[in-house]
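Working notes, beginning with the structure itself.
Values quoted throughout were computed directly from the atomic coordinates according to the rules given, and no laboratory measurement underlies them. The structure presented is a predicted model; accordingly, all values stated were derived computationally and were not measured. Please note: Cβ atoms are built from the backbone with ideal geometry, for glycine as well, and neighbour counts cover all protein chains shown.
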Amino acid sequence: MHKIVLITGATSGFGKAIAEKFASGNWNCIITGRRADKLHTFADELREKFAVRVLSLVFDVRHNDEVKQNLGNLPTEWKDIDVLVNNAGLALGRDTFDKGSIHDWDTMIDTNVKGLLYVTKAVVPYMIAKNKGHIINIGSVAGKEVYESGNVYCASKFAVDAISKSLRIDLLPHKIKVTALQPGAADTEFSLVRYKGDSDKAKQTYDGFTPLYAEDIADIAWYCVSLPPHVCINDLVVTCTAQANAINFIRSNAAFKEDR
C-alpha cells in the first residue's frame, strides 16, 4: 500500500525536491502551492516519471478559509496522510528594524507562522484518527540565532522552532513524530524572493562557497521518515561546510567551493 505525503509550497525549492524524493520512493503525494500552472505541471511530471498518484491543491496557506476548504474536505482515499511537510515559507527584505516594511512583516508572519498553524491544524485530525503520523517543519538556522537585519524573519522561524517543540509534547499521546529541519544557506528561490527579484543581490548571497541545495534537504527529510517507528529526529540544524551558524561563513576559499 502506498504511503501519502503532503507537502506545502511544492512548486519550487525544498518543497519540489522533497516531493520528487518521496515520489521516487513510491509515495503518493499531495502537493500544494499558489501558482496553479506550475503546480499542476509538476503534478503531471511526478505522475509520468514515478507512476504515483498525485493530488495538486492550489491555495494560499495564509488564508485559513482556503486551507480548511482544501484540506478539510479531502477525498476519503487521500485522508490517510502519513507525513506532513510544512515547507511553505519565505523571507522578504533585509532591512534594519527601523526601516522594515509592515507589509513584509505581515507576509512573513502570515506565511511562516500562521500558515504552518492552519495547515497543521487541518491535517492533525487525520493522524490522530490513525494514531500515528510524522510532521516535518522546515525552519531555519535563523530560528536558532538572530542576525543583523533579520529581525522579523528570524522571529518567524524562532516561532516555528517553538511550535515544533510544543507539537511534539501535545501530540505525543497520539504517536505523532515532529521533526524540525533547520537549513542554513541554500541555493533555491529563497534569496531571489527575499531581494524581491534582484538577481544580482540574490547571487551574491552564495558567492565564494558552495551552499546547500534543495536535494540535500530532500535527502535528509527522506532519512528522517525512513527511520524505525520508535526513532524520531526531533531537531536537526543543517548547514553547508562553509557555514558554522546563522552568521559565520568562509567565502572565497577554494576548499569550500565546488563545481556544479
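A few remarks follow.
- Virtual spin-label span in nm between HIS63 and LYS49, 7 Å along Cα→Cβ: 3.0
- Amide H contacts under 5 Å for VAL178: ILE135, restricted to partners 5 or more places along the chain or on a different chain, H placed in the peptide plane at 1.01 Å from N.
- Extension gain from LYS3 to CYS232, taking 0.36 nm per residue of separation minus the Cα-Cα distance: 80.6 nm
- For a straight C-alpha distance cut-off of 19 angstrom, the lysines reachable from LYS157 (same-chain residues fewer than eight places away being disregarded) are LYS114, LYS121, LYS144, LYS165.
- CD proxy at 222 nm, helix term only [per DSSP H run n ≥ 4: -39500 (n - 2.57); per residue of the chain; nearest 500]: -11500 deg cm²/dmol
- Within a Gaussian network of the chain (alpha carbon springs, distance under 10 Å), most fluctuating of ILE169, ILE135, ILE30: ILE169
- The spacing between the stretch 1-78 and the stretch 138-166, judged by their C-alpha centroids, is 25 Å.
- Cross-link table LYS49/LYS203; LYS21/LYS203; LYS3/LYS177, entries beyond 23 Å C-alpha to C-alpha: LYS49/LYS203; LYS21/LYS203
- Fraction of antiparallel bridges per DSSP, the chain only, in percent to nearest 5: 5
- Projected onto their three principal axes, the Cα atoms of the chain cover extents of 51, 39, 39 Å, largest first.
- Cα pair distances exceeding 19 angstrom across the stretch 50-116, given as percent: 47
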